[in-house]
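Below is one structure, written out as structure tokens; the observations come after it.
The values are calculated or read from the model by the stated rules, or taken from the named source; none is laboratory data. Because the structure is predicted, anything quoted here is derived from the model rather than measured. Positions of Cβ are generated from backbone atoms using ideal geometry, with glycine treated the same way; all protein chains shown enter the neighbour counts.
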Amino acid sequence: MDETVAEYIRRTVLKIPRDEIKSMLQKWGFLSEAQLQTINFHQIKDNISQEVVHLCEENSADIKQAAVLDIIYNSIYPNKRVWSVYQMQKTGEEPEIFDLQSFKKKFKRRLLSALENVTINLRECEDNAIWIRIAWGTPYTKPNQYKTSYVVYHSQTPYVFISASVLKSNLPLLCQALVVASSYHGIREMELRSHSLNSLKDIVFKRYSQNFQTYCPRPVQERNGEPESADLRIIQENRSEKERIQRVTWEIFGDGPQPQLEFAQYKLETMFKSDPRMEVLDKEEPFRCLVKFSSPHLLESLKSLVPAGMADAPLSPLLTCITQKARNNFKIKEKKGFFPGSFVSP
């Protein structure tokens, strides 16, 4: 077995939590059950990794087997990467019956015809997701197995999730290979990114809860109770305001957990308006600024702002349209013919 393959397998095993190493190796299926029985999984991880490498040497493992183990690890821990969502387009034809073998053949042939030094591995994982692992090289260097890119494609859908580690020079080649292999005619980035791959899927597949039509709030006093000595006029005013806040929050966010996004980014572009005689600004170049909201769980944070009294209801549509528009990167430009305060996000 090649030394680079041995080292790669060792490092992959070291990334796995110790109590999950055995189950992940069983899922890998490269080592027999008898071989797994010889490993002491209660020792330190470095010793476990050395024993796994020794058994892989007995089985003459190559980079293909090592890549499969890496795919399994990344499919179980996808949040280690940043993912961008892409949408492919057809031109009105009926959807074709998906053939995995044909997809693999077309994808590899297209990418290998453009790049010589590249390693490509594909594996179908849970929920019919096809995981593609790509190690990129250059015309003069071998593929770097430690700087890989990942693509997750759900057959029968136009959505593709690509890890942000793809070089800009390789991204057009990758997108072209995906379009050809899946029999689409175009692809575009959706400006939607996150560490949470499952949350991105929830957004584009519309799997999050927004059933506000069935909203029927309970009276405030049933939830919180009211002091007997309180002024009835104040009680009624507070109750109405709380009911309004709950209704607005429900209509925007629903009652279920929100998809997990870490940020929302807004690029603002506006022109400076003044009397030409003032000569305040000679250039016609627009002003640009960037506003970024970040949080470990941004949508849940936004959902709690109004009930917590930290913002007025309703929140700005620029903050609440993230899931509906399936994007968390926005460009806000000035409408032509309007004053600087009139903006539109495309």
Close pairs from region 299-320: first part of a helix (DSSP H, G or I), partner surrounded by fewer than 16 Cβ atoms within 10 Å (Cβ to Cβ), Cβ under 6 Å, at least 6 apart:
Ser301/Ser295; Leu305/Ala311
Condition met for Arg133 (surrounded by fewer than 18 Cβ atoms within 10 Å (Cβ to Cβ) and in contact with a helix residue (DSSP H, G or I) (Cβ under 8 Å, 6 or more places away or on another chain)):
no
May I ask you to list the residues in region 136-173 that are in contact with a strand residue (DSSP E or B) (Cβ under 7 Å, 6 or more places away or on another chain) and touching a residue at least 60 places away in the same chain (Cβ under 8 Å)?
Gln145, Thr148, Tyr150, Val152, Pro158, Tyr159, Val160, Phe161, Ile162, Ser163, Ala164, Ser165
Suppose we keep only residues that are of a type in the set (D, E, K, R) and modelled with pLDDT of 80 or more within region 244-287. Which one would you say is surrounded by the most Cβ atoms within 10 Å (Cβ to Cβ)?
Glu262
Could you list, ordered by first residue, the pairs with Cβ atoms under 8 Å in which the first is in region 326-342 and more than 22 Å from Phe293 (Cβ to Cβ) and the second is of a type in the set (Ser, Thr, Tyr) and at pLDDT below 70, at least 6 apart or interchain?
Lys335/Ser342
Of these, Glu51, Glu96, which one is surrounded by 15 or more Cβ atoms within 10 Å (Cβ to Cβ) and of a type in the set (Asp, Glu)?
Glu51
How many residues does region 1-22 hold that are under 12 Å from Leu69 (Cα atoms) and either β-branched (Val, Ile, Thr) or exposed (fewer than 12 other Cβ atoms within 10 Å of the Cβ) (or both)?
6
Residue under evaluation Gln43, criteria (1) in contact with a helix residue (DSSP H, G or I) (Cβ under 8 Å, 6 or more places away or on another chain); (2) farther than 29 Å from Val160 by Cα, criterion not met
(1)
Which condition from (1) under 22 Å from Phe205 (Cβ atoms); (2) modelled with pLDDT under 95; (3) surrounded by 13 or more Cβ atoms within 10 Å (Cβ to Cβ) is the one that Tyr153 breaks?
(2)
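Would you mention how many residues in region 112-143 are hydroxyl-bearing (Ser, Thr, Tyr), part of a strand (DSSP E or B) and more than 21 Å from Leu100 (Cβ to Cβ)?
Count: 2.
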